[in-house]
Amino acid sequence: MAPRDSNHKLLVVLYAEAKLQKSISLPGSFTISRAKQEGMEAIKEHLKILPGVPLVTLDPDCTDFYPVPRDDSTTIRTLKGDLTMVVYPQPPEGQHLTPSPFVDALQSAIHEVRDVKAQQNVAPLAREEITDCYIKPADNNNEILRRLVSIEERFGSQIAELKQANAGLQHEVEEQGRVIYGLKDDNAQLKDKVEEQGRVIYGLKDDNAQLKDKVEEQGRVIYGLKAKVEEQGRVIDGLQDDNAQLKDDNAQLKHDNAQLKHDFKELRSQMDETNRAILGDKVAINKIRRRVLLDMGRDQLATICGHKNWREWKDEKTTSTAADDQSVQTMMTEAEVILANSTDASDYWKAVGQDRSTLRFLIHRSHIRTEGDIVAHSSTADAIAESVLALTASSDRTHMISIFRAVYNSEP
């Protein structure tokens, strides 16, 4: 029996005693558990129609299924190749051997033949008993003879019936023998199939071993890849740290660049003043010399206040451009206190410390310094004095004279 369509699978059900088989077609969606139930019902119906086979009860817990599934919930469409199911009868209560229907039927027939033969031996014995009990004929001999004839006829009828029964039993025995020989052939075929299935199973074991080796190899590869991923993770973490440091460095570079732009602007302004001085611009030269005086005054004041120079003192107090006024106030307060209490500062410096306007003029950025140029730092004291006295603004002139006195400790 072939499957009706691709959604069905062909299942061959074999009875354990001698490979009685029944082929059935089942839907591919059936599970192994459902297929076993259907197969057991089919083989029981098949056994019912065989002559001389008594009813049997199949053992639901003793069933083999090939190819061997993963579990009974597996659907049969997932199994490759032909499907084979072997069922076994359930032994009677209190016994360990499973019943053998065909052998039992044969033995029953043999016992019946033996009974018939035993009955056939009864007739001669009866005749002997009659002979032994013979009585001399009397007047009723005819009656006795009729009775003996009746007994003999009855025994003859029974013997004929026994012979007929014996012939029927002999025929049945011969039929059962042919069935048994057929079952032996089927059993040999089943054995061949089982051996073939065994070879398939061994082949599957080899394939499973190879697959296991491949899985282990893949596991080692995956472990290696995991180690590489972890290493890449550490590299990425390091790059992130480097990136953060680069961001900080970039911010610092931006800050330094802004400072350089500011210094470049000042330097350019100074170069412009220098160019005018070189060309004989007396006004520009005076501006440069006045700035020189301011620079010298700042450096001396920084030294008096305990610093290396003006730049170091200013950088220490300045945190940002927005806080420039605050840093100036801090430096002025520090200078006032130190100049007032210093025993080494000259009277001129003490006078500057007491004049808050002059002190602010010196520390805070002013137009006098902006108009100067660093190139003129080599100007002589006389030249600087000349440029101070050349100031026309009285307040600027007064402050610069006080600073000149403090720097050079003399009058301009």
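Which entries of K36/K212; K80/K226; K44/K80; K80/K212 show an alpha-carbon separation above 29 angstrom in the structure shown? Numbers along the way, then the final one.
Working: K36/K212 31 Å; K80/K226 37 Å; K44/K80 26 Å; K80/K212 21 Å.
Checking Cα-Cα distances, K36/K212; K80/K226 exceed 29 Å.
Would you mind checking K247/K317; K254/K287; K254/K314; K261/K317; K261/K350 for any pair whose Cα atoms are more than 29 angstrom apart? Mind dumping the intermediate values first?
Details: K247/K317 26 Å; K254/K287 32 Å; K254/K314 21 Å; K261/K317 22 Å; K261/K350 37 Å.
Too far apart for the 29 Å limit: K254/K287; K261/K350.
With all protein chains present and a 1.4 Å probe, how do K247, K22 order by accessible area, largest first? Walk me through the numbers on the way to the answer.
Values: K247 130, K22 75 Å².
Sorted by accessible area, descending: K247, K22.
Compute, for V56, the solvent-accessible surface of its heavy atoms (probe 1.4 Å) with the complete set of protein chains present, and express it in square angstrom to the nearest 10.
30
Please give the solvent-accessible surface of M271 in Å², to the nearest 10, using a probe radius of 1.4 Å with every protein chain present.
Accessible area of M271: about 110 Å².
The values are calculated or read from the model by the stated rules, or taken from the named source; none is laboratory data. Everything quoted here is computed from the prediction, not taken from an experiment. Side chains included, ligands, DNA and RNA excluded: accessible areas come from the protein's heavy atoms. Shrake-Rupley method; radii C 1.70, N 1.55, O 1.52, S 1.80 Å.
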